[in-house]
1. Go through the range 1-50 residue by residue and tally those that are at pLDDT 50 or above, of a type in the set (A, V, I, L, M, F, W, C) and in a helix (DSSP H, G or I).
2. Tell me, which residue of the range 110-135 that is open to solvent by 50 Å² or more (accessible area, probe 1.4 Å) and touching an Asp or Glu at 6+ places or on another chain (Cβ under 9 Å) is modelled with the highest pLDDT?
Amino acid sequence: MDEGVVGGRCLPAAAAAVAPQHHESGEAAVARREAVVARESTAQELVLLRRQLATTQAALADAEQAARERDAHLEAEQSKVVRLEVEVAELRASLSRMAELERELDSYRLQATAAEPRKASGLWGFISGADANASPPRD
């Protein structure tokens, strides 16, 4: 009878022929168990990654919403600034015009004062009408 060596033991030839298959079946079973464990580990890791993705997407959505709100507020403030700048420019122009009108009024006052005739008093002032509020002189 032929004998074969399997796993350090001497076996009859028929047993030796069956033994490698049995040995391979053991390796296949171990490989299958490792594959199952790897699949389960991968599935758990995938679940964790999906949770992290969902959390990150929610945080991103919140950040984008906050950015949109901030942009809207900034746009409103910029519009307000433009309105105020226009108002300031209009007020400065008005102030400048008022100063110009005040100088013109002062000029007219000086002209009126210079052109005002000297009021005559006495009889000739009454006769000429220069002193209209005066009563006729009494003799």
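The values are calculated or read from the model by the stated rules, or taken from the named source; none is laboratory data. Quick caveat: nothing in here was measured; it's all calculated off a predicted structure. Note that each Cβ is placed from the backbone with ideal geometry, even for glycine, and that neighbours are counted across all protein chains shown. Note: accessible area is taken over every heavy atom of the protein model, side chains too, but ligands, DNA and RNA are not part of it. Shrake-Rupley method; radii C 1.70, N 1.55, O 1.52, S 1.80 Å.
1. Residues meeting the conditions: 14.
2. So the residue we want is 121.
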